[in-house]
1. Quickly rank 41-53, 173-185 as a protection proxy: mean count of other C-beta atoms within 10 Å, highest first.
2. Just how many pairs of Lys in segment 123-251 have C-alpha atoms closer than 26 Å, counting pairs that are eight or more places apart or on different chains?
3. By average Cβ neighbour count within 10 Å, what is the ranking of 234-247, 120-133 from highest down?
4. Taking square-rooted eigenvalues a ≥ b ≥ c of the alpha carbon gyration tensor, is segment 129-178 rounded, prolate or oblate, where a/c under 1.5 means rounded and, failing that, a/b exceeding b/c means prolate?
5. I need the fraction of alpha carbon pairs in segment 99-188 separated by more than 20 Å, rounded to a whole percent.
6. If you average 1/r across every pair of different Cα atoms in the chain and take the reciprocal, what Kirkwood value do you get, in Å?
7. Can you give the angle from 0 to 90° between the axis of helix 137-148 and the longest principal axis of the chain, with both taken from C-alpha atoms, to the nearest 10?
8. State the antiparallel share, in %, of DSSP beta bridges confined to the chain, rounding to the nearest 5.
Amino acid sequence: MVILDGKKASQAIKNQLKQQVLSLGSDKKPHLAAILVGNDGASETYVASKVRSCEEVGFESTLVRLDNDVSESTLLQAIETLNADDSVDGILVQLPLPKHIREQRVIESIDAEKDVDGFHPVNAGKLVQGLPSFIPATPYGIMLMLAHFNIDTKGKHAVVIGRSNIVGRPMSILLSSNHPQGNCTVTICHSHTKNLEDICARADIIVAALGRPGFVTNNMVKDGAVVIDVGITRVEDSAAPKGYRIKGDVAYEEVAPKTSAITPVPGGVGLMTIAGLLKNTMQAHLNRTQITVDR
Ligand code: GUN
């Protein structure tokens with residue numbers, strides 16, 4: 001059984017990006033702007049990690065913090081300012097947002113050319129049609145991880161559990177696409193799926209992205225399957241230093257011995273999400289600074 005180590009795979013990508021930044025010249029650096037609304041502990045951690053990773057690879061980063069009770073129009077103005085700022089290549093608004101803010105309205109206000117999360121309908125539509133686009137960072141990171149560890153996907157039956165716009169749906173599209181880490185036959189499962197356990201038990205590749213700790217148990221996994229765990233739920237644990245532990249959607253201890261490859265939590269997909277985001281930010285920078293010559 002191979003442990004799909006997100007630390008190793010993401011470090012390899014970060015090293016490539018560092019070299020690429022150096023080759024751009026010192027005055028030209030990709031610049032990511034992140035907006036964090038409120039002070040949800042998990043969101044704080046994720047955004048801090050994104051900003052830190054930018055520094056690590058030599059990108060510029062800007063963190064815009066807004067209060068939890070900020071109005072939707074103030075948030076939209078902040079996005080508009082970043083859309084108009086020529087020095088900013090990529091913009092992300094950390095989700096979830098407070099209930100009084102319409103998430104879709106916010107997503108659609110980001111310039112699609114700077115939408116490094118790939119959540120704008122223009123980028124989602126391009127992904128469906130196989131056109132160049134910003135791919136949502138988590139599914140993108142998973143594809144990068146499959147490539148890093150040379151996981152064979154062609155002709156395999158992949159089961160994706162979860163149909164969110166952030167992970168499940170784009171993941172299903174990527175795995176079914178004509179791509180070196182694609183060409184799977186994909187089943188997408190959700191809360192109304194019947195016989196989910198049987199469907200999973202027939203999968204060569206399982207991507208668990210439903211946000212229910214320990215949901216995938218060993219009876220749902222075929223011998224030799226590849227298991228990708230997207231879950232990162234904080235579960236209370238008074239014995240843990242922080243008072244909680246991070247748990248994945250897969251019951252790792254009982255599932256891992258049956259698999260041919262599995263991602264750990266933490267240390268798996270989470271780190272690849274950041275690698276995907278950094279690659280999108282580099283791509284946004286290159287798209288915006290490319291000099292094109294009329295022919
Ligand atoms: N919340 C959970 N995942 C993500 C993500 O990939 N991007 C943003 N912006 N928010 C998230």
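1. Packing order, densest peptide first, comes out as 173-185, 41-53.
2. 8
3. Highest to lowest by the protection proxy: 120-133, 234-247.
4. It comes out rounded by the Cα gyration axes.
5. Details: 1415 of 4005 pairs.
Of the Cα pairs, 35 percent sit more than 20 Å apart.
6. 19.8 Å
7. Taking Cα atoms only, the helix is inclined about 60 degrees.
8. Here the share of antiparallel DSSP bridges comes out near 10 percent.
Read-outs throughout are calculated quantities, based only on the coordinates presented, and are distinct from any laboratory measurement. All of these numbers come straight from a predicted model, not from anything done at the bench. Positions of Cβ are backbone-derived with ideal geometry, glycine not excepted, and every protein chain shown enters the neighbour counts.
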